[in-house]
Amino acid sequence: MKAKVSQISPDKLYASLLKRKSEQEQQARLKSPIVNTNKYLVPSNRNGGGNSKIEAKKTRPASGKDLKDISSVLLKKTHARQNSKLIETKENTQNLSANALSILLKIKQDKPETKQPVIQQNKDIFNQQAISKKYQKLMELSKQQQQSIVKSKLFKGPRSISNPDISNLQLYITKANGLSSPGMLYNGQTKTNQDIYKLINKFNNKENDWYIQVSDGHGTNGHQVAQFLQQVLPSFIEQGIMGISSCYDRDKQLNTILKNCFLQTNEELLDSGIDVTYSGATTVTVISFENVLYCANIGDSRAIIGRFDNKLSVIELSKDHKPDCFLEQARIIQRGGRVQAYSDEDGNPVGPARVWKSDEDVPGLAMSRSFGDYVASQVGVICEPEIIKHSLLPCDKFIIVASDGIWEFLSNEWVVETVYEYYKKDDAQGACQRLVQAAREAWQREDEVIDDITVVIAFIK
């Protein structure tokens, strides 16, 4: 019961007690019989035992206080029992109020003080001024970053599969040198050099753009084919690049232009008067648009990048097109050719895989893509280039483009390690001379002849 009282507020408790008392009085009035009042407010005695007392009261003189009480009762026109009840109710109410007050005071003392929880607000979150200042600061930083990206954007377009565009880095070729050395025949005589290279600085009238091309001729008129390619192919490509209208689909446009230029050059070669029945040339080109490289290749000449990122590594810009590569061989067979190496007297394969007609032992070409080579073109040898894009990174140090005279006996890793020593000395010409010398020595050890050797080295800063 004490727990219940403690849960009721003092005002409610006081009102409840008054209401309960009033209901009790009303029930008592309904149950009590109505009697006639005497004029002295003395309750009547039904048994008649109090007549002597009544008489005594009548004979006793009334005091001033009695007269006042009698007159007040007569004026209210109420009977004696009701009057007595009213007086009793007033007294009881006073007593009840005193009791209720004491109970309320006791409840207040016993009731523990409950403190309202204080919510500690985070000033950084709920302080509107702080939020507004931070928001404005973030907006300013975002705007500055956007402006810096726009200003430093060097190349717009889709990203490369191998590397993302590094648009805020100004990496480009700072210098490039090339060297070509003729080979040697079985009898020790120097042969006609059928290799040739082309270097163009400020290609397409752009300050940091470069054009690098290495062509390796073969057959009786291979040297003529290589010279023709040196003159015609770069001009076709430059004219095509000048027609690029948008930067956003530059990759697609460049791929189309390079393929069309190679095909157009081959058509011009067939109409040039040079006998290309069994003669032709491989070609690898690297075009540098500041920090982006495009390599277009047909044949077995090669282009690589030397990278130093805590250690030296090789990035291949081209793939050798050999007849025994699965896709190349499938195309040749589909078009009526066959792929087979030379055979000795016992029928054992000798040397690399070559392209032949199915019913004749011609032409015996050791690559699956080339310019010219009319007979070979009838059995699946094509002049469509394979194009690879590469976005330069800060760890890319130099580019090496060379004919198969370099790559026949020298590994990519050894070549990169050798050139890196000259890169640290900023000596591109010295690096070219060292590679040509090493290649000739390797040919002398490994073969009876020496192939033509051509290399171009470009340093990146």
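Every number in this text was worked out from the coordinates using simple rules, so none of it is lab data. These numbers were taken from a predicted model, which means no experiment stands behind them. No Cβ is skipped: glycine too gets one built from the backbone with ideal geometry, and neighbour counts run over all protein chains shown.
Would you please put 279-292, 194-207 in order of how densely packed they are, using the mean number of other Cβ atoms within 10 angstrom per residue and starting with the highest? Could the numbers behind the result be given before it?
Values: 279-292: 26.7, 194-207: 17.2.
Result, highest mean first: 279-292, 194-207.
Taking Cα pairs under 8 Å and at least six residues apart, what relative contact order does segment 235-315 come out at, in percent?
Values: 54 pairs, mean separation 13.3, N = 81.
Relative contact order for segment 235-315 comes out at 16 percent.
Roughly speaking, what is the stretch gain from Ser245 to Asp447, that is 0.36 nm per residue apart minus the C-alpha to C-alpha distance, in nm to one decimal? Numbers along the way, then the final one.
Numbers: separation 202, 0.36 × 202 = 72.72 nm, distance 5.06 nm.
Net length gain for the segment: 67.7 nm.
Using only alpha-carbon positions, what ratio does the radius of gyration of segment 171-323 give when scaled by 2.2 N^0.38 Å?
Details: Rg = 16.7 Å, N = 153, 2.2 N^0.38 = 14.9 Å.
Compared with the compact-globule rule of thumb, segment 171-323 sits at 1.12.
Put a dot 7 Å past each Cα toward the Cβ at Gln27 and Leu270; how far apart are the dots in nm?
If labels sit at Leu270 and Gln27, their model points lie 12.4 nm apart.
Classify segment 365-461 as rounded, prolate or oblate from the Cα gyration tensor: take a ≥ b ≥ c as the square roots of its eigenvalues, call it rounded if a/c is under 1.5, otherwise prolate when a/b beats b/c and oblate if not. Kindly include the intermediate steps, with their values, before the conclusion.
Working: a/c = 2.98, a/b = 1.38, b/c = 2.16.
Oblate, because a/c is 1.5 or more while a/b does not exceed b/c.
Once label points are set 7 Å from the Cα along Cα→Cβ at both Leu263 and Leu138, what is their separation, rounded to one decimal in nm?
Between Leu263 and Leu138, the label points sit 5.3 nm apart.
If I stretch the segment between Cys395 and Lys252 completely, what's the gain in nm (0.36 nm per residue apart, minus their alpha carbon distance), one decimal?
On the way: separation 143, 0.36 × 143 = 51.48 nm, distance 2.69 nm.
Between Cys395 and Lys252, full extension yields an extra 48.8 nm.
If contacts are Cα pairs under 8 angstrom and at least 6 residues apart, what is the relative contact order of segment 238-396 in percent? Please list the in-between numbers first.
On the way: 281 pairs, mean separation 42.6, N = 159.
Rounded, it is 27 percent for segment 238-396.
What GluC sites (Glu not before Pro) does segment 321-404 have in DSSP loop regions with at most 15 other beta carbons within 10 Å? List each step's numbers first, then the result.
Values: sites: Glu328, Glu345, Glu360, Glu386; in loops: Glu345, Glu360.
Listed in order of number, the matching sites are Glu345, Glu360.
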